[in-house]
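Right, one structure below, let's go through it.
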């Protein structure tokens, strides 16, 4: 079912948590709400499922406004961060609970529980109690319990946060598989960009109660709308550097290079303050010589090696290169940047290249 | 090894310290079934004469069985009232957004700190005005309301340990708030309910001042009042009888306690609610 938020705002007392948020989620789509903690993403989730009242605006399921529909009647499936399984009930009873509340026939419940528990591979655990299950198994139970009554939308609040690293990787693809198999509309709340990028069709990145950008994961990475998005997405993170435009040149305190025609044609003016952003993979010895400084820190990561380069004015630019360590700590180097992939931001932090440039209120 | 030793030492110390208690209890049980000797600490012969109160009604006293029944009704009703009201009020104070919640909680604590004796005269006058003086109902209401502040606080503590998400999850699953409370939350605070019912049962079984002052007539008497009445006889006090009645009075609580003391400890263990 299609979910629409229109000018949705939420205040807690005097505190404005969400301000005029617009979001449309297509039927069958999985959208990740991504952002640092305190950005309002969980508040948004709780407003959709009815735990929080909304201060103003509208929430629609399909074309029905559900602002005043009680939580019980919204038919929203929620997976909480701590799973919230009912500890005194067996797994079977946990999964069957929403069906029993709906007074469904016993045989029908039996059949559904069997079918759904097989889908996630927990049909051999039905007689156990939640505390005897591992984290991953509890996660599956929570997921199935949310899905079994065929909800309009599935909401997941940091569903992988309580799992260990290996299991998180597996559950990532498993949740995605189940979501696609059931074709359910899903919203995932997470602060982990990798989780958001790998699991969702689109990402809505939030900061300070506002959506900064809604894009597919790939677009989010290559075409961030502003410095916040650019800085939040990508690991290891992007490096920023401040400077001004002087006669077709970007001039910083310790770096200077000529900007391309394409950049200059975006309406930037002489002496305008600019900030460039360059992702670590676009800083490399073969690309030129404008990045000059000494290697401050080296992180070997096996397949790749990450170098922190300190320029002469003390600012740091990161570079990641395939293969093992080739340079020494403290070594002076002169590397370059791939100019096609340098992002240029204006003084408001907006990406002047972005398709979205100038389309919505500034940061 | 060291730990083992220190365990043994503390066991010995505890034993020595509680020795007077053991001796007291030993002679208590001994005296109840024997004719005491006047010149020796050992009794003369076995007898059941002290237990005559079970079969015959003592002069100037109500029947022991009616008194026992009264005490049972009294304790049972207090437990029931305390359980129902504490479990609902505790839930409301723990979960529902309501005005003056913290003030309410503070006031409850204040109520709990009032010794019932200090309220006695006021309660007496009020009961007389509303016509509940000298009735078991009146005493039950008073005792239950004095137990409530403690019960509500305890239950609130137990509710606080139940993860909020469990409740929200139940609501998402389509259950009403009441169904969630009844089917999902209550089973998780069962240890608290058990502990609270034991606690208030023992407390009301042992209650003396309230029934003594507020329901003094013979047909309303509880065991504590009956027992005290034996002491204030104008003739010489029959200590054998007194002890036998005392044992009879104590027995249910002792048996009850043996089976339930572990659950009772839940109250002091900071709430034994389950973890989500």
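Key figures for this structure:
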| read-out | value |
| --- | --- |
| Residues within the stretch A:118-136 that are in a helix (DSSP H, G or I), in contact with a helix residue (DSSP H, G or I) (Cβ under 7 Å, 6 or more places away or on another chain) and modelled with pLDDT of 90 or more, tallied | 2 |
| Among (1) at pLDDT below 90; (2) assigned to a helix (DSSP H, G or I), the one test that residue B:247 misses | (1) |
| Total residues in the stretch A:71-81, condition at the interface with another protein chain (Cβ under 7 Å from one of its Cβ atoms) and without any contact (Cβ under 8 Å) to a residue 24 or more places away in the chain | 2 |
| Scan of the stretch A:233-242 for residues that are outside any loop (DSSP other than H, G, I, E, B) and crowded, with 19+ Cβ neighbours inside 10 Å, ordered by number | A:239, A:241 |
| Any chance residue B:78 is surrounded by 13 or more Cβ atoms within 10 Å (Cβ to Cβ) and either touching a strand residue (DSSP E or B) at 6+ places or on another chain (Cβ under 7 Å) or not in a loop (DSSP other than H, G, I, E, B) (or both) | yes |
| Test result for residue B:245, touching a helix residue (DSSP H, G or I) at 6+ places or on another chain (Cβ under 7 Å), in the same structural domain as residue B:132 (by TED's automatic domain parsing) and surrounded by 16 or more Cβ atoms within 10 Å (Cβ to Cβ) | yes |
| Search result, residues across the stretch A:91-105 that are in contact (Cβ under 8 Å) with a residue 24 or more places away in the chain, within 8 Å of chain B (Cβ to nearest Cβ) and touching a helix residue (DSSP H, G or I) at 6+ places or on another chain (Cβ under 9 Å) | A:97, A:98 |
| Flag if residue B:151 is more than 19 Å from residue B:217 (Cβ to Cβ), buried (at least 21 other Cβ atoms within 10 Å of the Cβ) and more than 14 Å from chain A (Cβ to nearest Cβ) | yes |
| Qualifying residue in the stretch B:108-116 (condition: at negative phi and at pLDDT 90 or above) | no |
| Search result, residues across the stretch B:181-195 that are at the interface with chain A (Cβ under 9 Å from one of its Cβ atoms) and either touching a strand residue (DSSP E or B) at 6+ places or on another chain (Cβ under 9 Å) or crowded, with 20+ Cβ neighbours inside 10 Å (or both) | B:184, B:188 |
| Filter pass, residue B:164 being within 14 Å of chain A (Cβ to nearest Cβ), under 21 Å from residue B:101 (Cβ atoms) and surrounded by fewer than 21 Cβ atoms within 10 Å (Cβ to Cβ) | yes |
| Close pairs from the stretch B:97-125: first not assigned by TED's automatic domain parsing to the domain that holds residue B:215, partner assigned to a loop (DSSP other than H, G, I, E, B), Cβ under 8 Å, at least 6 apart | none |
| Residue selected from the stretch A:282-321 under the condition part of a loop (DSSP other than H, G, I, E, B) and under 28 Å from the mean Cα position of the chain (by Cα), by the criterion surrounded by the fewest Cβ atoms within 10 Å (Cβ to Cβ) | A:302 |
| Test: residue in the stretch A:249-263 that is out of contact with any helix residue (DSSP H, G or I) (no Cβ under 9 Å at 6 or more places or on another chain), without any contact (Cβ under 8 Å) to a residue 40 or more places away in the chain, surrounded by 14 or more Cβ atoms within 10 Å (Cβ to Cβ) and not assigned by TED's automatic domain parsing to the domain that holds residue A:199 | yes |
| Test for residue A:276: is it closer than 15 Å to residue A:315 by Cβ, touching a helix residue (DSSP H, G or I) at 6+ places or on another chain (Cβ under 7 Å) and touching a residue at least 40 places away in the same chain (Cβ under 8 Å) | no |
| Residue within the stretch A:119-133 that is more than 29 Å from residue B:176 (Cα to Cα), more than 14 Å from chain B (Cβ to nearest Cβ) and free of Cβ contacts under 8 Å to residues at least 24 places away in the same chain present | yes |
| Single match in A:190, A:185 (criterion: under 15 Å from the mean Cα position of the chain (by Cα) and either assigned by TED's automatic domain parsing to the domain that holds residue A:116 or at pLDDT below 90 (or both)) | A:190 |
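A quick yes/no check of all residues on (1) more than 23 Å from residue B:233 (Cβ to Cβ); (2) touching a helix residue (DSSP H, G or I) at 6+ places or on another chain (Cβ under 7 Å):
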| residue | (1), (2) |
| --- | --- |
| B:40 | yes, no |
| B:56 | no, no |
| B:64 | no, yes |
| B:69 | yes, no |
| B:119 | yes, no |
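Results for (1) more than 14 Å from chain B (Cβ to nearest Cβ); (2) assigned to a loop (DSSP other than H, G, I, E, B), shown as yes or no for each residue.
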| residue | (1), (2) |
| --- | --- |
| A:33 | yes, no |
| A:46 | no, no |
| A:54 | yes, yes |
| A:60 | yes, no |
| A:69 | no, yes |
| A:83 | no, yes |
| A:89 | no, yes |
| A:107 | yes, no |
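Listed here are the residues, each with its yes/no results for (1) buried (at least 20 other Cβ atoms within 10 Å of the Cβ); (2) under 19 Å from the mean Cα position of the chain (by Cα); (3) within 14 Å of chain A (Cβ to nearest Cβ).
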| residue | (1), (2), (3) |
| --- | --- |
| B:97 | no, no, yes |
| B:139 | yes, yes, no |
| B:169 | yes, no, yes |
| B:179 | no, no, yes |
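For (1) buried (at least 17 other Cβ atoms within 10 Å of the Cβ); (2) closer than 30 Å to residue B:233 by Cβ, each residue gets a yes or a no:
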site	(1), (2)
B:48	no, yes
B:82	yes, no
B:87	yes, no
B:93	yes, no
B:125	no, no
B:134	no, yes
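The values are calculated or read from the model by the stated rules, or taken from the named source; none is laboratory data. Owing to the predicted nature of the structure, the values given are computational and were not obtained by experimental measurement. Backbone-built Cβ (ideal geometry, glycine too); neighbour counts: all protein chains shown.
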